[in-house]
1. Once you keep just the Cα pairs under 8 angstrom separated by 6 or more residues, what percentage relative contact order results for the range 63-129?
2. Over the chain, calculate the relative contact order: mean separation of alpha carbon pairs under 8 Å at least 6 apart, over the residue count, as a percent.
3. As I understand it, the value is the acute angle between the Cα axis of helix 461-473 and the longest principal axis of the Cα atoms of the chain; what does it come to in degrees, rounded to 10?
4. For the range 399-506, what does the alpha-carbon gyration tensor say about shape, rounded, prolate or oblate, given a ≥ b ≥ c as the root eigenvalues, a/c under 1.5 as rounded, and a/b over b/c as prolate?
5. Taking the Cα centre of the range 326-448 as origin and charging only Cβ (+1 Lys, Arg; -1 Asp, Glu), how large is the dipole, in debye to the nearest 20?
6. Based on the alpha-carbon gyration tensor of the range 295-369 and its eigenvalue square roots a ≥ b ≥ c, which shape applies: rounded if a/c is under 1.5, prolate if not and a/b is larger than b/c, or oblate?
7. Largest first and to the nearest Å, give the Cα extent of the range 189-239 along each principal axis.
8. Whose amide H sits under 5 Å from the amide H of residue 156, counting only residues 5 or more places off or on another chain, with H placed in the peptide plane?
Amino acid sequence: MERKVRVRFAPSPTGPLHIGGVRTALYNYLFARQNGGSMILRIEDTDSQRFVPGAEEYINESLNWLGIGIDEGVREGGNYGPYKQSERREIYKQYVDQLLNDGKAYIAFDTPEELNAARETHPNFQYDASTRNSMRNSLVMPADEVNALIESGAQYVVRFLIEPNQDIVVNDLIRGEVIINSSILDDKVLYKSADNLPTYHMANIVDDHLMEVSHVIRGEEWLPSAPLHVLLYKALGWEDTMPQFVHLPLLLKPVGNGKLSKRDGDKLGFPVFPLEWHDPKSGEISSGYREKGYLPEAVVNFLALLGWNPGDDTEMMSMDELIAKFSFAHCSKSGAKFDYQKGIWFNHEYLIKMDDMDLAQLFMPVLAEQGYADVDINYVAKAVGMVKGRINFVRDLWEQGDFFFKAPTEYAEKDVKKRWKEDTPALMEELITVIEGIDDMTSANAEKIVMDWIASKEYHLGAVMNAFRLAVVGACRGPHMFDITELMPKSEVIARVRRAIDTINK
Ligand code: GLU
């Protein structure tokens, strides 16, 4: 029988969510939506040593910004809660006891010093079938000694008893059958009396089982844990409901070899976090995609293609299209180079596609910062529509279209040298008269009248138009000249030409 699809994103709140974690969340979400399943957000906070304040809020805000919806979680609620592991202590304890009673786990009292000593005397020491009998644990100690120690308050851990020389098969939807021999595994700690909490492995398996998770979709860095997880499922008698494993390809450095790191981002100037992160301890600020001016749609599209493709060369895909097309069959086994330039390209493409009015809305705060807080939004929309083809980020609109809002006070030196000749002022005087006579300043009409005038006087087209542009824009750049002058008030166009005549080369 097909299981209902239930997936979980299970971050540990130990710092800002890394962009690789966002990709994992996204793939979980796409798969859940495609199959009419549920997306769970589970906070794995059993390692109190590594807890970072603000990290959980950061995770929520990041997913929210990107449109990665959660069906069940700390904030959303649901029938399988609580969704925060630190609130599930009692639940785990019961299964730790079950393993102990069934002889599948044992209690160990070895202190950190004793473990260190063992590591020093045995090269490659591993707590396993070959060494456990020479350690201090309930397998070798009389039961009353064990009980007496526990009662006296001695700290202990519960270790998983791993039988050596068994082949463990992990079925992975991307990697196929991964077979590992149990002899390479150590008797992992499942529970620590010191903080009365299970470790990651135990809590993770118990929760995946109780929350009826059908697919465990996570980064490749968790593949080495999977054989242990398979054994735990079996030991707990849950083999029949073991989830399908899916380990996603690593995100790799844009240049060179190895895993993508924060250092790569710092070096090459791109964020590795979805949102800006203010480290509560060091005060360090790490840049985020949102604050850098990326659109969430662009980030989603970019991330979706890091490790997956739709089977053809389609690149631009909305969330709905991604949901429809996503498939593990088209996920790669090998790592995906983090081509951050491609991320910039996506942002550019999404900005171009955006409705001019929406883009204007995003540009308004930038305008306000520049001192133009109360420009008419309709004017802004038309202006951004003309220059959006040249931008990668919303803030670039200012550099490309500043002249729509402020008259030039300086003129680009090299353009002046090239385009402002001795006879230019006279030409511009005449142009002012021509413009004054135009009633309908719409682009095509104004262009026709100016062109006719140039032709009738046999003036040089370039000489007039480049000087005109220099006067209005301040440099020889920008969109079609008569589109600019259609949008600006005619009086402003004339004032700018007049100012250029009065100031250039004076
Ligand atoms: N808490 C683990 C993490 O931080 C979860 C790994 C998993 O998905 O099993 O990624």
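1. Numbers: 21 pairs, mean separation 7.5, N = 67.
Dividing the mean separation by the residue count of the range 63-129 yields 11 percent.
2. Values: 743 pairs, mean separation 58.8, N = 506.
Relative contact order of the chain: 12 percent.
3. It works out to around 60 degrees.
4. On the way: a/c = 1.57, a/b = 1.12, b/c = 1.40.
Judged from the Cα gyration tensor, the range 399-506 comes out oblate (a/c at least 1.5, b/c at or above a/b).
5. Values: 15 positive and 22 negative charges, 210 e Å.
My answer is approximately 1000 debye.
6. On the way: a/c = 3.32, a/b = 2.09, b/c = 1.59.
Judged from the Cα gyration tensor, the range 295-369 comes out prolate (a/c at least 1.5, a/b above b/c).
7. Result for the range 189-239: principal-axis Cα extents of 32, 25, 18 Å.
8. Hits under the 5 Å cutoff: 193, 194.
The values are calculated or read from the model by the stated rules, or taken from the named source; none is laboratory data. None of the values given here were measured: they were computed from a predicted structure. Cβ coordinates were reconstructed from backbone atoms using ideal geometry, including for glycine residues, and neighbour counts include every protein chain displayed. Areas reflect the complete protein model, heavy atoms only, side chains present, ligands, DNA and RNA absent. Shrake-Rupley method; radii C 1.70, N 1.55, O 1.52, S 1.80 Å.
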